[in-house]
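Report on one structure; see the data block that follows.
The values are calculated or read from the model by the stated rules, or taken from the named source; none is laboratory data. Being a predicted model, the structure only gives us computed values, none of them experimental. Neighbour counts run over all protein chains shown; Cβ positions are idealised from the backbone, glycine included. Remember, those area values only see protein heavy atoms, side chains included, never the ligands or the DNA or RNA. Shrake-Rupley method; radii C 1.70, N 1.55, O 1.52, S 1.80 Å.
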Amino acid sequence: MFKKVGPGVLIAAAFIGPGTITACTLAGVEFGYALLWAMVLSIIATIILQEMSARLGIITQNGLAEVIRSQIRSPFLRNLIIGIILMAIVVGNAAYEGGNIGGGALGLEAVFGSKGIKYYPFIVGLFVFLLLYLGNYRTLEKVFVSLVIIMSFSFLITALITKPDFKAILQAIFIPALPQDSILTVVALVGTTVVPYNLFLHASLVGEKWKTKEDLKWARWDTFFSLVLGGLVSMAIIIGAAAIPEKSVSGVLDLAKGLEPLYGNAARYCMGVGLFAAGITSAITAPLAAAYVADSCFGWKAGMKDYRFRSVWVIILILGVLFMSFGIRPIEIIKFAQIANGILLPFTAVFLLWAVNRSALMGGYRNKIPQNVFGVLIIVLAILLGVKSILKVFDIF
């Protein structure tokens with residue numbers, strides 16, 4: 001069964017990036033175990049959406065953007081939506097890539113110290129470049145499985161070192177609580193897990209590994225196993241952060257420092273290795289997703305070694321290294337990407353639910369009634385997250 005694990009691991013690795021780690025750290029520091037239920041809710045929603053995306057990719061053998069191009073008849077509407085997808089994912093991932101590389105660099109800093117800190121972004125960038133340039137899908141899959149295992153052990157060991165209260169953890173998971181001033185943190189936890197570009201990435205990746213409808217059961221197993229593992233990692237970060245006695249923590253590196261007086265260097269090194277793995281995986285998947293989306297939007301049908309495919313991820317990776325190395329924060333681009341993503345997330349969820357219910361497209365593999373019920377609930381959640389993302393740009397939320 002474990003030989004069938006593949007694209008789902010890349011999706012899990014994609015959402016466990018520096019942003020997720022920071023959100024989980026702050027949730028644990030500020031509210032202890034209380035918001036673990038929100039992470040469980042996020043993972044359930046992600047599994048449902050990603051299963052639909054994977055099923056669509058296997059049955060149609062096309063990426064999500066290709067399906068959108070083929071199913072929307074109005075040229076104006078089709079071009080408008082394709083433009084939003086390109087802006088949200090290609091431009092957005094370019095703006096966010098600096099943060100992904102920064103996460104990997106922070107991991108190196110936690111393990112090796114700050115002596116060579118100015119070189120860390122270039123080391124991370126070079127590592128990502130070599131993996132994407134020299135590797136094919138099978139190579140990347142093996143690398144991601146290894147990195148996710150390392151990341152999982154690192155954060156789970158960090159959580160266990162803190163000697164957590166398992167009874168309190170179970171209570172927090174099954175009895176939802178909403179402490180005062182925690183609603184924004186709940187939204188952040190859900191928003192950092194339910195990611196629109198992962199839906200596009202997953203639909204494309206399943207076609208690299210599986211070619212027949214009979215493989216759908218393995219795609220479902222892969223999605224469920226990988227995302228549950230990703231959820232456990234996220235929950236382990238919350239649990240580890242809850243043990244910090246000093247509550248003035250602003251970021252993930254403070255988590256490593258906060259645990260060190262209580263649990264020694266082990267916590268810092270475990271945290272550093274996990275953060276490095278999380279940064280690397282997100283720094284790979286962000287440009288990879290952008291390349292797959294560009295490929296689908298423009299109908300290239302290009303392989304991973306095609307110059308057009310490579311040119312997209314190379315540009316995004318270079319921009320990420322430059323933004324990180326020179327302390328540049330492309331604020332206007334990030335704001336634009338947030339607005340585009342705020343529009344894209346609910347639209348993608350609505351389109352995905354519509355597409356997987358079409359008999360002409362899915363045949364006997366269309367949604368069942370329970371899947372549609374959960375799908376509608378998730379669409380409501382996606383709309384709320386999308387509105388929140390747009391309002392945040394204008395400092396309303």
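Of all residues in segment 306-322, those that are touching a residue at least 40 places away in the same chain (Cβ under 8 Å) and of a type in the set (Phe, Trp, Tyr) total 1. Residue 357 falls short on exactly one of the conditions (1) assigned to a helix (DSSP H, G or I); (2) modelled with pLDDT of 90 or more; (3) in contact with a helix residue (DSSP H, G or I) (Cβ under 8 Å, 6 or more places away or on another chain); (4) open to solvent by less than 70 Å² (accessible area, probe 1.4 Å), and that condition is (1).
Can you name the residue in segment 176-231 that is of a type in the set (A, V, I, L, M) and not in a helix (DSSP H, G or I) and, of all such residues, is least open to solvent (accessible area, probe 1.4 Å)? Step through it out loud before you land on a result.
Going residue by residue through segment 176-231, those that are of a type in the set (A, V, I, L, M) are 177-178, 183-184, 186-190, 194-195, 199, 201, 203, 205-206, 216, 219, 227-229.
Now drop any that are not not in a helix (DSSP H, G or I), which leaves 177-178, 194-195.
Working: 177: 44, 178: 104, 194: 12, 195: 30 Å².
In this case the residue turns out to be 194.
Counting only residues that are surrounded by 10 or more Cβ atoms within 10 Å (Cβ to Cβ) and more than 16 Å from residue 340 (Cα to Cα), segment 70-82 holds 3 of them.
Considering (1) within 21 Å of the chain's Cα centre (by Cα); (2) farther than 24 Å from residue 279 by Cβ; (3) open to solvent by less than 30 Å² (accessible area, probe 1.4 Å), the lone condition that residue 367 does not fulfil carries the number (1).
In the condition set (1) over 16 Å from residue 55 (Cα atoms); (2) modelled with pLDDT of 90 or more, residue 184 is compliant with all but (2). Applying the condition of being small (Gly, Ala, Ser) and more than 11 Å from the chain's Cα centre (by Cα) to segment 9-41 and asking which residue is nearest to residue 192 (Cα to Cα) yields 23.
Which residues, taken from segment 51-69, are surrounded by 24 or more Cβ atoms within 10 Å (Cβ to Cβ) and not hydrophobic (A, V, I, L, M, F, W, C)? Across segment 51-69, the qualifying residues are 53, 55, 57, 63. Which of the residues spanning segment 121-144 are among the small types (Gly, Ala, Ser) and within 18 Å of the chain's Cα centre (by Cα)? Selection gives nothing. Among residues of segment 86-123 being aliphatic (A, V, I, L, M) and in contact with a Pro (Cβ under 9 Å, 6 or more places away or on another chain), the one that is most open to solvent (accessible area, probe 1.4 Å) is 106. Within segment 283-333, the only residue that satisfies the criterion of being closer than 17 Å to residue 141 by Cβ, of a type in the set (A, V, I, L, M) and part of a loop (DSSP other than H, G, I, E, B) is 304. Residues that are open to solvent by 10 Å² or more (accessible area, probe 1.4 Å) and under 12 Å from residue 26 (Cβ atoms) within segment 232-246 comprise just one, 242.
In this structure, residue 346 does not satisfy being within 29 Å of residue 45 (Cα to Cα) and surrounded by fewer than 16 Cβ atoms within 10 Å (Cβ to Cβ). For segment 283-330, what are the residues that are among the polar types (S, T, N, Q) and modelled with pLDDT of 90 or more? If the condition is that a residue be among the polar types (S, T, N, Q) and modelled with pLDDT of 90 or more, then 285, 311 are the ones that fit.
Conditions tested, residue by residue: (1) surrounded by 24 or more Cβ atoms within 10 Å (Cβ to Cβ); (2) of a type in the set (Lys, Arg); (3) in contact with a Phe, Trp or Tyr (Cβ under 6 Å, 6 or more places away or on another chain).
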site	(1), (2), (3)
266	no, no, no
271	yes, no, no
292	yes, no, no
301	no, yes, no
308	no, yes, yes
311	no, no, no
318	no, no, no
322	no, no, no
